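Some notes on the structure that comes next.
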Amino acid sequence: MLSRAKLLAPKLALATRRVATTTAPKSKVGGDISSVFPSLSGIAPPPLPDRYADLKRRFISGRERILSESWERLLLDLEKETAAVKKFGSDIIPKVDFKELASLSKEKIEEIKKRGVVVIKNVLQDQQALAMKDSLKEHIKRNPWAAAFPANSPAVYELYWSPAQRAARSHPSLVASQRFVNSLWHSSLPSSVVDTSVCLPYADRFRIRQPGDAGFALGAHIDGGSVERWEDPEYCRCYEKIWTGQWEEYDAYKADHRVHAKMDMYDGAGSCGVWRSWQGWLSLSTTSPGEGTLLVNPLLKHSTAYTILRPFFTLSNPPTLSTTPHFPNSVQGACQEYSNSTHPHLRLDDAMTHVPRISPGDYVFWHCDTIHAVDRVHQGASDSSVLYIPAVPWTVENQAYVERQREAERRGVSPEDFPVGLGVEV
């Protein structure tokens, strides 16, 4: 039987050739995690250029009736589904034990896919996770130059190469968890283009949020760009069923057009150079709802369809088709943000749901299009701490990024997806 290294050799060779022909990545400007969120900057973004009106017209032309009927169906169903989310609260979020991953029922897997979020319990033992947090604190002391946000009450640190982070990214249990959530995706493309059974390491930040903090208040958003979902030809093909008035048939786990989608057309400070099929974090603390933790909208299909269709309809009653260049809360070079005023039918106050009580060593994943947020105020009595570790499947582009990431690791500097640091990690 061929070893895994030999099986991967052709793909690695292809990725290596891609790396060799790729120009050196541009360094991001200095900053912190707030660079991703226009709402945290306090500066109103400029309006989108007039060409976005032309973009809208191209999508609408010839589809006026089917899009309007689709929008009407969506709003009715969204109202019903949101009522269920409000009723059940955190209990609606799927939870599984790490030891159960290989034997989950079809019903449980479908529940995870519908909700677009899962809590995997006991991926690491409590003491393992707590020891990682202690190690992170020592790493902060060794690198006092590192930027953090908020500046007056640091919670998220621009540090990537601590021993704890490196160990967690390669831990067999974490990799097995990533492989499980990646297995929920499918593609008609050959494995030489995308292979969800191979998980790549992606260097990201960590968070140690103290009780009472109100500065790290990330509102409802999705990553992976904003206007790119409509502007990049390949990216928008991910949502083709929605464009054609068939949002009920939309498959959020079809990878074909994710692989080459351009999610960072404007090279924003928070743009991402890889396709993260699932975002995720490993808990290093015990946190309950309201204690500086994660909230998600567990209506993946509905919220995605609403996101894609919302710019094409006014908020008037009855709604009419919009052909202005305005895309609500969509800013070039930033993530897609949401508010009650720009996306009222989502009923964010009812739909944004806390993940349930989390223990050290639990691993939380949410789909790359899942709307998520963070508690505006940490009302707990102890820190809320996580290592950000997403699931990144093998693709040529993802492998090329990881090759460049290795060079950043060797030098002890920020990976190219993140702001340039003020020093070298030691």
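No lab work stands behind these numbers, since they all come straight from the coordinates. Every value quoted in this text rests on a predicted model; they were computed, and no experiment measured them. Backbone-built Cβ (ideal geometry, glycine too); neighbour counts: all protein chains shown.
Values computed for the structure shown
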quantity: Simple Cβ-charge dipole of the range 267-426, Lys/Arg +1 and Asp/Glu -1, about Cα centre, in debye nearest 20; calculated: 300 debye
quantity: Rough spin-label spacing in nm, given labels placed 7 Å along Cα→Cβ, for Asp134 and Met265; calculated: 5.0 nm
quantity: Theoretical FRET efficiency, 1/(1+(r/R0)^6), r = Cβ-Cβ of Asp77 and Val426, R0 41 Å, to 0.05; calculated: 0.15
quantity: Computed magnitude of the charge dipole of the range 53-411 (debye, nearest 20; Cβ of K, R +1, Cβ of D, E -1); calculated: 380 debye
quantity: Virtual paramagnetic centre 7 Å along Cα→Cβ of Glu100, amide N under 11 Å, in the range 389-411; calculated: none
quantity: Listed residues Tyr239, Gly219, Ile60: farthest to the positive end of the dipole of the chain (Cβ charges); calculated: Tyr239
quantity: Nitroxide proxy distance, nm - points 7 Å out along Cα→Cβ at Glu249 and Arg404; calculated: 3.8 nm
quantity: Alpha-carbon centroid distance for the pair the range 336-351 / the range 252-281, whole angstrom; calculated: 23 Å
quantity: Dipole of the range 53-411 [Lys/Arg +1, Asp/Glu -1 at C-beta], most positive-end residue of Gly116, Gly361, His326; calculated: Gly361
quantity: Label-point gap, in nm, between Ser170 and Ala151 - each point 7 angstrom along Cα→Cβ; calculated: 3.7 nm
quantity: Theoretical FRET efficiency, 1/(1+(r/R0)^6), r = Cβ-Cβ of Glu69 and Ser288, R0 45 Å, to 0.05; calculated: 0.60
quantity: Segment Ala381-Leu315, length gained on full extension (0.36 nm per residue, minus Cα span); calculated: 19.6 nm
quantity: Packing-based order for 83-95, 54-66, 292-304, using average beta carbon neighbours within 10 Å, highest first; calculated: 292-304, 83-95, 54-66
quantity: Karplus-derived 3J(HN,Hα), 6.51/-1.76/1.60, for each residue of the range 403-409, Hz, glycine and proline x; calculated: 4, 5, 5, 4, 5, 4, 5
quantity: For the range 307-376, alpha-carbon Rg relative to the globular expectation (2.2 N^0.38 Å, N residues); calculated: 1.40
quantity: Dipole in debye (nearest 20) - the range 95-245, about Cα centre, beta carbon charges: Lys, Arg +1; Asp, Glu -1; calculated: 460 debye
